[in-house]
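Here's the structure we're looking at; comments come further down.
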2 protein chains.
Amino acid sequence: MPTASTAFKVYPPRPESPPPLPEPAREDLRLEHVLAALADPLRLTIVRKLLLEAEEFDHPCGWFGIDRPKSSLTHHFRVLREAGVTRQRQYGLERRSHVRIDDLQERFPGLLDLVAAWHP
Amino acid sequence: MPTASTAFKVYPPRPESPPPLPEPAREDLRLEHVLAALADPLRLTIVRKLLLEAEEFDHPCGWFGIDRPKSSLTHHFRVLREAGVTRQRQYGLERRSHVRIDDLQERFPGLLDLVAAWHP
DNA sequence: AGAGCAGTACGATTTTTTTCGAAGCTATCA
DNA sequence: TGATAGCTTCGAAAAAAATCGTACTGCTCT
């Protein structure tokens, strides 16, 4: 049974979506990897922003307005994806991200609420 | 208001307890530090065991039966304490630990439930 | 075709974390 | 008093993570 309280906006997958980049399946998510991915202020910022401000379309990393070299951002987005926190799809030029809300609520109920409540 | 569900055994502080070793105050706990401390299998094992098997007395690190050099254990127990996950007191020769259940439930409700449910 | 854009890949450097041996410290016990 | 127990500190080595410059790729627009 999931933790009752919080519901983040979850949009249905769009039929014409490109396939996700490689990611762990829901049942392969590991708490220690997810915690490690989240144990970084920049990545917490990214995930929190996605949780609180995401709109229907997934977001490319430029959307986040983070002042870091592009290669650093690529790195952090990959860490999040490989831990299973986010999903990334290639839309033409852009690689767009969203949080795997359903998977995470199911496997680690309450964890995303902590991220959403985090204050830098 | 605390998360309803889980209640771990919390024992009252014993009047004659030695003072805790240096640790962050409840209001200074940082999610990113707590997550980093928990993002390690060995430390997850320690915290989970404390949550599930702790008895009235706090436990010295020998109690955990971890097969690692003693200096490694000292390191991991310190990481946990400095992040605010555990409290350590010096009882004569021994440095005994317990999880700061109240503080963590208050600041990061639900997090300890995830640790307790973790499977190595 | 050429320019520009969004972001990736690679690789080097630096920083942080982990690991653990060796030596030290202090209380208790024979 | 010496021996042992239980754990710490120090320090060094190894492993892992973060940072970021440069070069590159693959679309799109003119």
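The values are calculated or read from the model by the stated rules, or taken from the named source; none is laboratory data. Keep in mind it's a predicted model, so treat the numbers as computed, not measured. Methodologically, a virtual Cβ is constructed for each residue, glycine included, from the backbone with ideal geometry; neighbour enumeration extends over all protein chains shown.
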Looking at B:F77, B:F57, which one is closer than 22 Å to B:R107 by Cβ and either modelled with pLDDT under 95 or assigned to a helix (DSSP H, G or I) (or both)?
B:F77
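Would it be correct to say that B:R89 is surrounded by fewer than 19 Cβ atoms within 10 Å (Cβ to Cβ) and modelled with pLDDT under 95?
yes
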How many of the residues making up segment A:20-40 are part of a loop (DSSP other than H, G, I, E, B) and within 14 Å of DNA strand C (Cβ to nearest atom)?
5
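Limited to segment B:90-111, what total is found for residues that are within 10 Å of chain A (Cβ to nearest Cβ) and not small (G, A, S)?
4
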Among the residues of segment A:56-71, is any crowded, with 20+ Cβ neighbours inside 10 Å, within 9 Å of DNA strand C (Cβ to nearest atom) and among the hydroxyl-bearing types (S, T, Y)?
no
Just one of (1) more than 14 Å from every other protein chain (Cβ to nearest Cβ); (2) within 30 Å of A:P109 (Cβ to Cβ); (3) at pLDDT below 95 trips up B:P120, so point out which.
(1)
Does segment A:71-91 hold any residues that are more than 9 Å from DNA strand D (Cβ to nearest atom) and under 12 Å from A:P22 (Cα atoms), and which are they?
A:R78, A:L80, A:R81, A:E82, A:A83, A:G84, A:T86, A:R87, A:Q88, A:R89
When you check A:A25 against the structure, is it of a type in the set (G, A, S) and away from chain B (no Cβ under 14 Å), yes or no?
yes
From the list A:R43, A:R89, pick out the single residue that is part of a helix (DSSP H, G or I) and under 13 Å from the mean Cα position of the chain (by Cα).
A:R43
